[in-house]
1. Please specify each residue of the stretch B:150-165 satisfying the condition of being at pLDDT 95 or above and more than 7 Å from chain A (Cβ to nearest Cβ).
2. When you scan the stretch B:136-175 for strands (runs of 3 or more DSSP E) that lie fully inside it, which ones turn up with 2 or more residues that are under 27 Å from the mean Cα position of the chain (by Cα) and in contact (Cβ under 8 Å) with a residue 40 or more places away in the chain?
3. Looking at the stretch B:301-324 only, could you name the residues that are surrounded by fewer than 12 Cβ atoms within 10 Å (Cβ to Cβ) and free of Cβ contacts under 8 Å to residues at least 40 places away in the same chain?
4. So which of B:246, B:282, B:273 ends up being modelled with pLDDT under 95 and surrounded by 13 or more Cβ atoms within 10 Å (Cβ to Cβ)?
5. With the checklist (1) more than 7 Å from chain B (Cβ to nearest Cβ); (2) over 30 Å from residue B:150 (Cβ atoms); (3) touching a strand residue (DSSP E or B) at 6+ places or on another chain (Cβ under 9 Å) in hand, flag the one item residue A:31 doesn't pass.
6. Kindly indicate whether residue B:32 is in contact (Cβ under 8 Å) with a residue 40 or more places away in the chain, crowded, with 23+ Cβ neighbours inside 10 Å and either more than 24 Å from the chain's Cα centre (by Cα) or within 30 Å of residue B:68 (Cα to Cα) (or both).
């Protein structure tokens, strides 16, 4: 799978990573290198093997439905660049 | 997608150039009635101060890990069973990636490829009592987003994450509805099922149940047209309005020779129109991938069986039973089952007596008074045992149906049980023929003109019945009055 400059530009935009035009070509080359490396996995015969999404052969643990957190807006907001009256404050976003 | 419903011309919308058929599919978001969030221990609720119900997981602080709420999983399974759907013993959580200030993680944890619940079906009742089926495509668990407040500052938006991370069940239907009324009826039925199951409180006003509506139109008999999705419609009325306006908009474009663009739209109830949400368009590349923070969700068959055994009787089963066991009409059964508490109330009163009569009292007299007083059935000042007693009094011939209304009025006003009211107020029906005969004799003697008239025109006997009722304070047994009158008047 080859990654072209347009794909890099699109993925960078979707990930909100500012990427100068001059960087697109080299990034495409780097990403293609990574993809080629991953494609080595294609050499392994995986017919009949169920795909894994984690490397631990176990299922997800669950918790009981009890309230154990919250009630500390100060802590939640402590890293916010801007806050007011316990709200996060961001530049206006309107549909 | 397979089209299972035959076209119904009575549902077509007439355009300038001929009829159009509307095709509707719904995605309903139902908030799970849990105490804490889907992946964190922060409280779920309405009315808390800003960011009071936010854990560090919900705020997406680095290094925080989600842990699945078992109760939410149980509610999803329960709802799936209530929708007679396939329960997938193995499902998975995926990340749906997009940026918006109400989503601190930068992704929503949802289920994309492997939802917890697969295909099912809902039997929906129309207003006329006829039913139709809506197939369910899937149900999956996902996180809700936070809330943005735009009117606290002219240049900034305020973010409250209390809702962020709350568990939602997204219930996706197949495009099986053909009119705005059908879409509203489907959401009502879904809401009834959720409330029966107790998995969602169904409160539309608080946004605990909201619908995205997919609308397309086509010429009858042709293939499906391009659809538009109307986001976040949160009342039955708006669902209908939004569909009607959107269908009209699409028909006008097509009749002018235009093309429908697949897009997300918003319904504006004030302007009564749908409008494009352009900003969401390019974000549609969500780049789903399995959430590496969460392992696959596997359900033990024993647990599913246990949940199945705990299911209440479902609304459509109840409707069929009410029609079969109690001989109720589809309409009466529909009215009763729409409210689980009302259905229970009816059953408590109906056992062992004239159930149709009980249904009439519950759906008419009682319901009207409850509505007028803005009361729920469990706040009724008249308990089910009193309705039962009233119907017994009617059955025993102790009171007439006219007097029964008066008795009900007194019972409603807190004067005690129907029997006590009848006793105290002397409302017992007069079946003593001697007393009735005496009253009739007096009336006949005093009205020779009417007596002559009734011989010519036997229908005029009604006037005599009225006079006897008046003379006996409405307490005379109407059947006895009729019989005696006819023999005395010789008609």
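1. Correct list: B:161, B:162, B:163, B:164, B:165.
2. Here the list reads B:167-173.
3. Matches in the stretch B:301-324: B:302, B:305, B:309, B:324.
4. Of B:246, B:282, B:273, the one residue that is modelled with pLDDT under 95 and surrounded by 13 or more Cβ atoms within 10 Å (Cβ to Cβ) is B:273.
5. Going through (1) more than 7 Å from chain B (Cβ to nearest Cβ); (2) over 30 Å from residue B:150 (Cβ atoms); (3) touching a strand residue (DSSP E or B) at 6+ places or on another chain (Cβ under 9 Å) one by one, residue A:31 breaks only (3).
6. Details: in contact (Cβ under 8 Å) with a residue 40 or more places away in the chain: yes; crowded, with 23+ Cβ neighbours inside 10 Å: yes; either more than 24 Å from the chain's Cα centre (by Cα) or within 30 Å of residue B:68 (Cα to Cα) (or both): yes.
So residue B:32 passes the test.
The values are calculated or read from the model by the stated rules, or taken from the named source; none is laboratory data. Just so it is clear, the structure is predicted and the values come from calculations on it, not from any experiment. Here the Cβ is made from the backbone with ideal geometry for all residues, glycine too, and neighbour counts use every protein chain on show.
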